[in-house]
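Encoded as structure tokens, the structure appears first; notes follow it.
The values are calculated or read from the model by the stated rules, or taken from the named source; none is laboratory data. Source: prediction; values computed, not measured. Reconstructed Cβ throughout: ideal geometry from the backbone, glycine too, with neighbour counts over all protein chains shown.
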Amino acid sequence: MNTLTTALIRCTLTNGTLARVTLPGALAALMRDEVATFAALRPHQRHAWHAFLAQLGTVALLRAGAAAPPQDEGGWCALLRALTPEHADDAPWCLVAPPDRPALLQPPLPGGHLSGLKNSVATPDALDMLVTSKQHDLKAGVMAAAGADDWLFALVTLQTMEGFLGAGNYGISRMNGGFANRPAIGLAPPGGPGAHLKRDIARLLAMQGRPPLSEGYAERDGLALVWLLPWDGVASLSRSVLDPLYIEVCRRVRLLEVAGQIAARVGGSKAARIAPPPGGVTGDPWTPIRRDKDGQKALTVDACGFGYRPLVKLLFPRNGDPAPLQIAAVDDAGAGLALVARALVRGQGKTEGYHERRVALSRIVKRRAVITPTDPAAQAAHDRVRLAGEMARTLRFALLVLFENGPDKVKQDNDAALNKAKPFQARFERAVDLTFFDDLGDEMAEDDQDRRSARRDSWVQGLLDHADELLAAADQAAAKASHRRYRARVAARAALHGAVRRNEYLRGHLPPSKPEESDDAA
């Protein structure tokens with residue numbers, strides 16, 4: 001099962017052909033942007049596979065002194081073999097190898113004994129990092145007829161993305177704490193996964209394989225393929241011996257061939273394989289950095305995922321640094337460029353969802369350069385987030401007025417009313433999120449400032465109209481027996497419009513108030 005010479009990886013090519021390719025064959029086809037999909041690659045594994053190939057390809061090219069990636073399988077095979085010259089049998093590239101030898105993403109076991117790996121794993125989905133339960137659509141341990149590439153993708157995902165999962169199960173270094181995650185924020189040019197990979201390799205080559213915050217790594221020829229070294233489960237590796245683009249392994253795993261089928265043995269460790277740095281700041285080229293009073297920290301995506309609010313902070317950061325590979329270069333595509341954001345959110349003993357979103361940037365950002373907090377698009381995006389937040393706040397107040405039956409004084413901590421209001425607040429947020437970046441693009445596409453202002457005014461009026469619609473829907477959903485229902489409906493609408501007209505951020509974007517829009521509501 002040598003990935004350099006055996007076509008184990010199933011894919012669909014852009015011409016519709018089904019194919020099997022080797023690891024170097026996959027790299028070659030991707031450089032030609034001929035791969036549409038990898039058949040066994042599941043959505044949550046996309047970044048793990050992309051990052052593995054980008055780091056591997058960049059290190060191989062830099063070590064060979066090559067200026068550009070080859071387009072052919074033979075060229076890639078030679079580059080990869082050159083990374084492991086002491087292994088003439090290609091053991092480090094095989095899915096299965098003797099336990100005392102390195103295998104792909106599997107460090108050698110001192111003495112070659114499997115006795116320390118006490119857990120047997122029969123299927124690749126049970127090896128994968130997803131924490132599943134009977135309530136999930138995806139269940140563990142059901143891939144009985146798995147192919148070799150199912151095991152390959154599960155292994156890549158586990159070893160390069162997993163976090164802490166109980167005693168002896170340490171996670172990767174490239175995240176801010178054991179219950180965090182390794183997010184992926186970058187730019188993708190027009191084309192398929194190959195165009196994206198080729199772009200990221202080109203950008204990493206331009207950085208000489210040393211993204212920002214890569215201080216403290218080996219000056220040259222650091223350890224890039226961490227699975228080459230034996231691991232007894234006790235020793236940790238320090239940053240000083242690593243290449244900045246190191247591909248790590250976080251678990252003691254060995255794949256075996258049993259009765260013609262692949263299985264795995266897994267064991268715990270007494271320490272993390274790589275000593276975790278403060279805040280998880282490793283120079284990972286896809287991870288933004290947050291800065292606060294406690295210093296700098298790698299971004300952790302929460303269960304809310306990539307709604308418009310966190311995405312604006314990622315696109316136009318004010319308290320941190322963008323991911324190196326989300327910064328546009330002068331040779332990036334002028335049209336069709338998109339921000340790609342991915343994260344598998346982890347919790348304590350559970351998975352809190354896989355999140356992925358693409359945002360087309362061409363209409364939002366016209367110039368290809370680092371976006372600063374004073375960039376017109378950045379300012380517009382943050383202003384719109386504030387405006388949406390202010391409208392959401394006024395809607396919440398109006399909903400409380402409605403559900404409290406138009407009281408003389410609203411109780412802001414009324415749990416029953418707050419619980420009734422939550423679904424309508426969520427519907428408002430979803431509506432804003434659905435078109436937020438398209439609406440921002442419409443504004444930024446205008447060259448005239450007056451027309452930009454008109455676009456903004458129209459958008460705010462649309463927010464108010466939608467808040468009105470949700471208030472009416474909430475009224476219809478409310479209990480109909482109350483003798484104060486009519487009073488509540490009138491009071492709630494007056495509260496909404498009155499609060500909007502008094503709001504220092506919203507009122508300037510709306511036409512003069514109509515007589516029926518009372519300003520008496522508190």
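The residue pairs whose first member lies in the range 228-252 and is closer than 15 Å to residue 217 by Cβ, whose second member is among the polar types (S, T, N, Q), and whose beta carbons are closer than 7 Å, counting only pairs six or more residues apart or on different chains, are 244/214; 245/55; 245/58; 247/55; 247/160; 248/159; 248/160; 248/173. Considering the conditions (1) under 44 Å from the mean Cα position of the chain (by Cα); (2) over 18 Å from residue 409 (Cβ atoms); (3) at pLDDT below 95, residue 486 is excluded by exactly one of them, (1). Only one residue in 225, 165, 205 is farther than 22 Å from residue 128 by Cβ and in the same structural domain as residue 84 (by TED's automatic domain parsing). Which one? Matching residue, one of 225, 165, 205: 205. A single member of 63, 42, 20, 32 is under 29 Å from residue 353 (Cα atoms), surrounded by fewer than 21 Cβ atoms within 10 Å (Cβ to Cβ) and in contact (Cβ under 8 Å) with a residue 12 or more places away in the chain, and it is 42. Residue 476: exposed (fewer than 14 other Cβ atoms within 10 Å of the Cβ), without any contact (Cβ under 8 Å) to a residue 24 or more places away in the chain and within 30 Å of residue 358 (Cβ to Cβ), yes or no? When the stated conditions are applied, residue 476 does not pass them.
If only one of 49, 76 is under 22 Å from residue 325 (Cβ atoms), surrounded by 23 or more Cβ atoms within 10 Å (Cβ to Cβ) and aromatic (Phe, Trp, Tyr), which one is it? First the steps, then the outcome.
Numbers: 49 fails: surrounded by 23 or more Cβ atoms within 10 Å (Cβ to Cβ).
When all the criteria are applied, what remains is 76.
Considering only residues in the range 299-344 that are surrounded by fewer than 20 Cβ atoms within 10 Å (Cβ to Cβ), modelled with pLDDT of 90 or more and part of a strand (DSSP E or B), the one that is farthest from the chain's Cα centre (by Cα) turns out to be 321. Residues considered: 103, 180, 122, 126. Of these, the only one that is of a type in the set (Gly, Ala, Ser) and modelled with pLDDT of 95 or more is 103. Taking the condition modelled with pLDDT of 95 or more and either more than 28 Å from residue 261 (Cβ to Cβ) or in contact with a Lys or Arg (Cβ under 6 Å, 6 or more places away or on another chain) (or both), does residue 82 pass? It is true that residue 82 is modelled with pLDDT of 95 or more and either more than 28 Å from residue 261 (Cβ to Cβ) or in contact with a Lys or Arg (Cβ under 6 Å, 6 or more places away or on another chain) (or both).
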